[in-house]
Amino acid sequence: MSEIPAKATESEDPSDGARSDAVDGPVPGRGGDAASADPMWQSSPPGSMYDYIKVASFSIGPDGLVDQWSLRAEQLFGIPAERAVGMDPIDAFIDPDRREQGHRKMAEILDGREWTGVVPFRVPESGGTGELERGETGLAEVYVMPTRTEDGERAAVCIVVDVRTLRRIETDLAASQAIFGQSPFGFVLIDTDLKVRRANERFASIFGGTPDDHRGKGVHDYLPRAEAERVAATLRRVLETGESITDMHVTGFVPGSDERRHWSVNLYRVHSGSGRPIGIAWLGTDITARRAAAREAAAARRNLAMLNEAGARIGNSLDLETTARELLDVVVPGFCDLATVDLYQGLLVGDETPPGLADGSAEVRRVAFASAVSDGPFSGTGEPVKLGAVHHYPFNSPCADALRTARPQTVAGEEGGLVQSTLAVPMVAHDTVVGLAQFARTKGSEPFGDRDRDLAVELAARAAVCIDNARLYRREHERALILQRSLLPPGDPEASGLDIACRYLPGNAATGRPSEVGGDWFDVIELPGHRTALVVGDVMGRGLRAAVAMGELRTAVRTLAQLDLEPAEVLSQLDEIARGLGAPGGVQQATRAARRPREADLSEVYLATCVYAVYDSVTRRCTFANAGHLPPVLVEPGESALMLDVPPGMPLGVGGEPFEEVEVELPEGALLALYTDGLVESRDQSIDEGLQAFVGALTDPARPSPGPHTSPTARADGYSNLEDVCDHVLNTLDTHHGEDDIALLMARVQGLPADCVGDWTLPREPRSVGRAREFARNQLLHWDMEALVDTTELLVSELVTNALRYGEGEIRLRLLLDRTLVCEVWDSGLVQPRRRRARDTDEGGRGLQLVGLLSAAWGSRRTPRGKTVWFELPLPGGETGLTDPAEALLSLF
C-alpha cells in the first residue's frame with residue numbers, strides 16, 4: 001500500500017463542479033460547524049489553480065498494479081475506482097507497440113527512480129465515461145514519485161495532468177497577455193481592495209513609469225480628491241453588483257501638465273473560472289480632443305441655431321426700431337448679457353448721406369436696448385445713454401473707429417464695472433454702415449472668442465440688411481404717400497349746390513403700423529353749368545404700382561370730365577385706359593393680347609372699381625354710373641339711409657361690357673355718401689355686415705359719440721355740420737377697419753335757388769341778339785350785378801350771334817348765379833365752335849377770342865339735343881378782377 005492515504009487529493013463532483021475536502025471532518029459550507037473548524041484544514045477557496053489544471057492522482061503497488069484510484073482520475077480516464085484498482089496501467093493505457101518500453105519504465109520507477117514525461121494514452125474500450133470517449137487517444141503529463149508501503153515494499157505515487165488543459169491555459173494566458181499588453185487603451189486590473197494589480201503599457205505611458213510601478217496604487221493616486229471619491233464609489237458598486245459601467249467620464253490631470261484631461265472609462269467585474277469575483281477591469285481612453293471637438297460642434301450648432309432664429313425673427317417688420325429690437329431679442333441672453341443698437345440719425349430722418357458718416361462721428365440714436373442683468377442702459381465709452389437719446393461717439397473711441405472702418409472692435413470693461421468686455425460691431429448693409437450694435441458680457445461670463453466675433457458680425461449684418469430694407473421701404477412709402485396725397489383734392493373741395501366733406505385714411509392708420517399705399521382715390525370736379533362730378537375709385541392691389549395707376553386713372557377722369565361726357569361714356573373710356581396701363585403698347589396692344597389667350601398673361605392687368613356721378617345743382621338731379629364699385633348710400637331728410645340701386649357693372653380693365661346710367665332726383669338737404677371697401681370690409685366681418693353697419697351709422701346721426709376723428713369745431717346742434725357726420729361714421733366703424741385704405745366722400749344737397757336762375761328761349765331770328773342782351777342786362781340789375789352788365793352783354797351778343805350763324809333750331813339763354821356767374825347759350829346744332837386767330841384784314845372771326853379774353857373760363861359741350869356754349873365771369877369784389885372790354889378789344893388788333 002502506498003504511504004499516501006486514500007483520497008489524498010481533492011476531487012470534484014463532475015455533475016456540479018463542487019470540490020470535496022481531502023481530509024475527514026467538518027468542512028465549512030458542506031455540513032458541520034464552520035465556526036469551530038480549524039482554518040488550516042479548511043478547503044481552499046473556489047477558483048484555485050487546481051480547478052483549472054484538474055490534477056489527477058493514483059498509486060501503484062509493488063506489483064506494478066494500481067492499488068488506489070482518485071475521483072479526478074475517474075474523470076480524466078473515464079474508469080471507475082472499482083475497475084481501476086488491480087489494473088496494469090501499462091496494459092490498460094499504453095498502445096501495444098509501446099508497452100515494452102512502458103514496462104521498462106515501470107521497473108525503473110519501482111526501483112526507486114523519479115520520472116516525469118509526456119505519455120500518450122488510450123482510453124480503454126470499456127471506459128469512456130469521463131472527459132475522453134472510449135478508444136480515444138489522449139496526452140498526459142505524468143510525474144511519478146517513488147514511495148514505500150507500510151511493509152517497506154517499493155511503490156509509486158503518480159500525478160497526472162491532461163496536456164490539453166495545460167495547452168489551453170497557455171493559449172488563454174498568451175491571448176490575455178496580447179490583449180492586455182498590446183491594447184491601445186489604458187487597461188488596468190483592479191483587485192477587490194481597489195488597488196491596481198496590473199496595468200498595461202498604454203496606461204503607464206500616460207501616467208509615467210513602468211507598468212510594475214503602478215501596482216498597489218489606488219484611484220486617489222491619479223485623480224483629484226472629489227473625482228477620486230466618485231470613481232471609488234463607482235468601483236465598489238461594480239464590485240458588489242456586477243453591473244457594468246459604460247462610457248463613464250473621468251476628469252483629471254497627468255503628471256507634468258496642468259491641462260485638464262478627460263477620459264471615457266468602461267468598468268466590468270472579472271471572475272475566476274468558478275465564478276468568484278477577483279477584481280475589476282478598467283478600460284479607459286483619452287477623449288480630451290473628442291470633447292473639445294464636441295464642444296466646437298455644439299458651439300457651431302448653437303451658432304447655426306441662433307442664425308436660424310435670427311433669420312426667422314429679424315425683419316418681420318418694416319419698422320426700423322422694431323427690427324432693432326428683434327435683433328436684441330435673439331442675442332439676449334443666449335449670446336450676451338447686454339446689447340444696444342444705435343442707428344445714424346440722418347438715416348432715420350431720411351437723409352441719404354448724413355454729415356459725418358465717413359468718420360464715424362455723426363449723430364446716432366439709441367433705438368433699442370436689452371439686458372438680462374440690469375435695467376440701466378450702458379455705453380461702450382463714456383456716460384450711459386438713454387433709450388431714444390441722440391448722441392455721438394468721440395472720434396478716437398473704439399465705437400467711432402468701428403463705424404469708420406466698418407470692422408468690429410473689442411472694448412474692455414471699466415475697472416470695477418459690471419461689464420467684462422463689449423463687442424462694438426458696425427451694422428453694414430450693401431457696403432453702407434447704417435449703425436452700430438454693441439454686445440456686452442458681464443464679469444463671470446465666458447469671454448468673447450473669435451467664433452463669437454464672427455457670429456456677432458453675421459447677426460449684425462443680417463439685422464443691418466433688414467434695417468436698410470426698412471429704411472428704403474419707409475423712404476419709398478413716404479414718397480408714395482406724397483405722390484398719392486398730391487393726387488387727391490387739396491383742402492376741402494367746393495362745389496356749386498353741394499356741401500362736401502371728405503376723409504382719406506391710409507391702411508393701418510388706426511393701428512399705427514406702416515403699410516403699403518393703396519389705390520383708393522376720390523375727386524370733386526366742377527363742370528360747366530354749376531354741375532359737379534363726384535368720383536370715388538379703388539385700384540386693386542397695393543404699393544407704388546397701385547398708387548401710380550390710381551394717379552393715371554384720376555388724371556384721365558379729370559380729362560374726360562372736362563370733355564363733359566356722359567357718366568357711362570366716361571367709364572367706358574376709363575376701361576380702355578385701364579386695359580392699356582398693363583400693356584407696353586397701350587390699349588391696342590392690350591386688345592390684341594386679349595384676343596390671343598396664350599399671350600394674355602404677358603400683360604400686367606390693372607383692375608379698378610369706380611363710381612362716377614354728375615350732379616346738376618339747378619335740377620338737383622344726379623346721374624350715376626358704376627364700374628364694379630360698392631353702391632352709393634342716400635339719406636333723405638327724415639328717412640332711413642338706403643343703398644341706391646345702381647347697376648354695378650364690370651371693374652375697369654376687364655372690358656367687353658357696357659356701363660349703365662341711373663338718374664336720381666335728390667331732395668333738398670339729402671345726404672349722399674360715396675366710399676371705398678376699406679370702410680366696410682375687414683378680416684373680422686363680411687362686406688355685407690359692414691354695409692349694414694355703415695347704413696346704420698348714417699340713419700340716425702343725431703347723437704354724436706366722441707372719438708379720435710371728432711372735429712374740434714363740431715357745433716352743438718348735433719350733426720348739422722357734415723364734418724361731424726364723417727367723424728361719426730369713422731368712430732362708429734373704427735373697430736371694423738384698418739387693414740385697407742379708406743376714402744369717404746359725403747355731399748349734402750343744397751340746390752341752386754330758383755331766383756338765381758334766369759332761363760329764356762329765343763326764336764331763330766336776328767333780333768334775338770338784342771333781346772338776349774336785354775334779358776341779360778335786366779337779370780343782372782335784378783341781382784345787383786351792375787358791374788357785370790357791359791361784359792355780359794358783349795359776350796352774350798357774341799354767343800347768340802354764333803348760334804344764329806352756325807347753329808340750328810331755337811336758341812336758349814340761361815344765366816346762373818352762384819359763386820360765379822355762368823352764361824349758357826343752347827342750340828340744336830352739333831358743330832362745336834372752334835377758336836381761330838383772325839388776320840388783321842379780316843372783318844370777323846374774333847368773337848371767340850374776345851370771349852376767351854374777357855371771361856374767366858369758357859367752353860362748349862354736347863347735349864342730348866345739340867350743344868351748349870358757355871362762359872364764366874367772377875363776381876365783383878372777388879380775388880379775380882374783371883377785364884376791361886375796351887382793352888380786350890384793342891388787344892385783338
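The values are calculated or read from the model by the stated rules, or taken from the named source; none is laboratory data. Note that the coordinates shown come from a computational prediction; the quantities given were computed from them, not determined experimentally. Here the Cβ is made from the backbone with ideal geometry for all residues, glycine too, and neighbour counts use every protein chain on show.
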* Asked: So which residues in region 150-178 are out of contact with any Phe, Trp or Tyr (no Cβ under 9 Å at 6 or more places or on another chain) and polar (S, T, N, Q)?
  -> THR171, SER176, GLN177
* **Residue selected from region 207-235 under the condition touching a residue at least 12 places away in the same chain (Cβ under 8 Å) and not in a helix (DSSP H, G or I), by the criterion farthest from LEU194 (Cα to Cα)** => GLY208
* **Complete set of residues in region 140-180 that are assigned to a helix (DSSP H, G or I) and either among the basic types (Lys, Arg) or within 16 Å of ARG113 (Cα to Cα) (or both)** => ARG164, ARG167, ARG168
* Filter result for GLY678 (touching an Asp or Glu at 6+ places or on another chain (Cβ under 6 Å) and under 25 Å from ASP741 (Cβ atoms)) -> yes
* Which residue pairs have Cβ atoms closer than 6 Å, lie 6 or more positions apart in sequence or on different chains, and pair a first residue in region 263-277 that is modelled with pLDDT under 80 with a second residue that is hydrophobic (A, V, I, L, M, F, W, C)? -> SER272/ILE278
* Failed condition for ARG197, given (1) touching an Asp or Glu at 6+ places or on another chain (Cβ under 7 Å); (2) surrounded by 15 or more Cβ atoms within 10 Å (Cβ to Cβ); (3) farther than 30 Å from ASP67 by Cβ; (4) at pLDDT below 85, with all others met? -> (4)
* Structure fact -> Among (1) of a type outside the set (S, T, N, Q); (2) in contact with a Pro (Cβ under 6 Å, 6 or more places away or on another chain); (3) not in a helix (DSSP H, G or I), MET248 falls short only on (2)
* Asked: Quick check: anything in region 276-283 more than 21 Å from GLY216 (Cβ to Cβ) and part of a helix (DSSP H, G or I)?
  -> no
* Checking THR246 against (1) surrounded by 12 or more Cβ atoms within 10 Å (Cβ to Cβ); (2) touching a strand residue (DSSP E or B) at 6+ places or on another chain (Cβ under 7 Å), which test does it fail? -> (1)
* Asked: Can you name the number of the only condition in (1) part of a strand (DSSP E or B); (2) in contact (Cβ under 8 Å) with a residue 24 or more places away in the chain; (3) under 30 Å from ILE53 (Cβ atoms) that VAL238 fails?
  -> (1)
* **Identity of the residue in region 760-789, crowded, with 17+ Cβ neighbours inside 10 Å and among the polar types (S, T, N, Q), that ends up farthest from the chain's Cα centre (by Cα)** => SER768
* The listed residue being part of a helix (DSSP H, G or I), in contact (Cβ under 8 Å) with a residue 24 or more places away in the chain and either surrounded by fewer than 19 Cβ atoms within 10 Å (Cβ to Cβ) or not assigned by TED's automatic domain parsing to the domain that holds VAL142 (or both), out of ARG72, ARG83, ARG104, ARG113 -> ARG83
